[in-house]
1. Using the Cα gyration tensor of the range 51-91, with a ≥ b ≥ c the square roots of its eigenvalues, what is the shape: rounded (a/c below 1.5), prolate (a/b larger than b/c) or oblate (neither)?
2. Taking 8 Å as the Cα distance limit and 6 or more residues as the minimum spacing, I'd like the relative contact order of the range 31-93 as a percentage.
3. Once amide H atoms are built 1.01 Å from N in the peptide plane, which residues 5 or more positions from residue 72, or in another chain, come under 5 Å H to H?
4. Within the range 37-70, list the residues whose amide N lies under 20 Å from a label point set 7 Å along Cα→Cβ of residue 25.
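What follows draws every value from the coordinates through simple rules; no lab data is involved. From a predicted model like this one, the values you see are computed outputs, not experimental measurements. Heads up, the Cβs are rebuilt from the backbone with ideal geometry, glycines too, and the neighbour counts pull from every protein chain shown.
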Amino acid sequence: MKKWQQQIRGWMANYLELPSDVMLDLPRVTTIGDFHVYIENHQGLLHFSEQEIRLKSRKGYIRLVGEGFVLKMMLSEEILVEGKMHSILFMDQ
């Protein structure tokens, strides 16, 4: 049933030209260079250190790897991180 609902939402997003991150409840990751990352639609912070950050999302996990991470802002579904980014990984559950 959930797969069917996802297909309907995907079709509606395309047909009505709505943003897919809103319709499908996907995370939106915005980067500025390799030192600034803003993530929306996450479901919680799982791990934070100066070298690694892991967040839960509806589809799995988001992993940031780098150095000197500083948490600049964190709201219920938004997070702003600064530091030297080496990689951003999307991992399935």
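1. It comes out oblate by the Cα gyration axes.
2. Worked out over the range 31-93, it gives 35 percent.
3. 80, 81, 82
4. Taking a point 7 Å out along Cα→Cβ of residue 25, the residues of the range 37-70 whose backbone N falls under 20 Å are 39-46, 55-63.
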